[in-house]
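J.: One structure, pasted below without further comment.
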Ligand SMILES: *Cc1c(COP(=O)(O)O)cnc(C)c1O
């Protein structure tokens, strides 16, 4: 099996190739390594291979992992990308640098209240439900502007952009069509005066389509660390 360093290298090449194919600068796309279900040793291997940005989905699993990094914590940046529950907000506000799944003002308010004054503001993306599935997380596109205004007003949060987890599709044209919707939504919010520099979209199976449509952060797990159980 290829090492984590080799897999990281391959993913970096995929991003760079996709960027160049769409007249983008590879350095404008941040690779987040999604380490959920993998042990701290895998994270340290990635760190040794130059990776700095990591994503986790489960608070209980992530917090001990981050704590076990020791001195390596300072040179890494941790993004919480899982579903947000209010009873987990305190641990998230204490241990993470970014949160991607904000989809209601109540949880945003709570994260802002719980973010210690000694830490920088928590960097936030609003999760948008692009698939029109009522059970999925994410705010409806029509409600994003109102939520963005409310989040941007919170003192301990910095609103950075939009995030989506579309249903998996095999057809690259269909993948791109969904990502294009998120990009258009950001453009609309920017027109309305919001400052948003981030589009968090694209995973192992569709990162090329996401880069083609303007992703600034791609969240990649399987292609770096291998299949999860
Ligand atoms: C697990 C996860 C990823 C990574 O998915 P892969 O297909 O393994 O690359 C990306 N984003 C979110 C929100 C996830 O939960």
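Every number in this text was worked out from the coordinates using simple rules, so none of it is lab data. Given the structure is predicted, the values throughout are model-derived calculations rather than measurements. We place every Cβ from the backbone using ideal geometry, glycine too, and count neighbours over all the protein chains shown.
J.: Taking other Cβ within 10 Å of each residue's Cβ, how do 114, 154 sort, fewest first?
T.: 114, 154
J.: Follow-up question, since we're still on this one. Take the alpha-carbon positions of region 88-146, form their convex hull, and give its projected area averaged over all directions (one quarter of the hull surface) in nm². Working shown, then result.
T.: Numbers: hull surface 17.2 nm².
Result: 4.3 nm².
J.: Could you calculate the FRET efficiency of residue 150 with residue 1 from 1/(1 + (r/R0)^6), where r is the beta carbon distance between them and R0 is 35 Å, rounded to 0.05?
T.: Numbers: r = 46 Å, r/R0 = 1.32.
Efficiency, rounded to the nearest 0.05: 0.15.
J.: Hey, another quick one. In whole Å, what are the Cα extents of the chain along the three principal axes, biggest one first?
T.: Principal axes ranked by extent give 47, 42, 31 Å for the Cα atoms.
J.: Moving to a separate point now. Using a Gaussian network model on the chain with a 10 Å cutoff between Cα atoms, which of 142, 61, 45 fluctuates the most?
T.: Sorting by GNM fluctuation, first place goes to 142.
J.: Turning to a different aspect of this structure: Hey, what did region 1-139 get for relative contact order, percent, Cα under 8 Å, at least 6 apart?
T.: 16 percent
J.: What's the whole-number percent of alpha carbon pairs in region 1-86 lying beyond 20 angstrom?
T.: Cα-Cα pairs in region 1-86 separated by more than 20 Å: 40 percent.
J.: Return the single residue from 75, 112, 86 with maximal mean-square fluctuation; model: Gaussian network over the chain, springs between Cα atoms under 10 Å.
T.: Looking only at 75, 112, 86, the biggest GNM fluctuation is shown by 75.
J.: Tell me, in nm to one decimal, what length is gained between residue 61 and residue 105 on full extension, where the rule is 0.36 nm per residue of separation less the Cα-Cα distance?
T.: The span from residue 61 to residue 105 would gain 13.3 nm if fully extended.
J.: Using Cβ counts within 10 Å as a stand-in for footprinting exposure, how do 203, 1 rank, fewest first?
T.: Result, fewest neighbours first: 1, 203.
J.: Out of 185, 111, 207, any idea which swings most in a Gaussian network model of the chain, alpha carbons joined below 10 Å?
T.: The residue that fluctuates most here is 185.
J.: For labels at residue 137 and residue 170 in the simple 7 Å Cα→Cβ model, what's the distance in nm?
T.: Roughly 2.8 nm, to one decimal.
J.: List, largest first, the extents of the alpha carbons of region 81-205 along their principal axes, each in whole Å.
T.: Over region 81-205, Cα extents along the principal axes are 46, 29, 24 Å.
J.: Let me ask something else. Can you tell me the FRET efficiency between residue 72 and residue 158 if r is taken as the Cβ-Cβ distance and R0 is 22 Å, rounded to the nearest 0.05?
T.: The formula returns an efficiency of 0.35 here.
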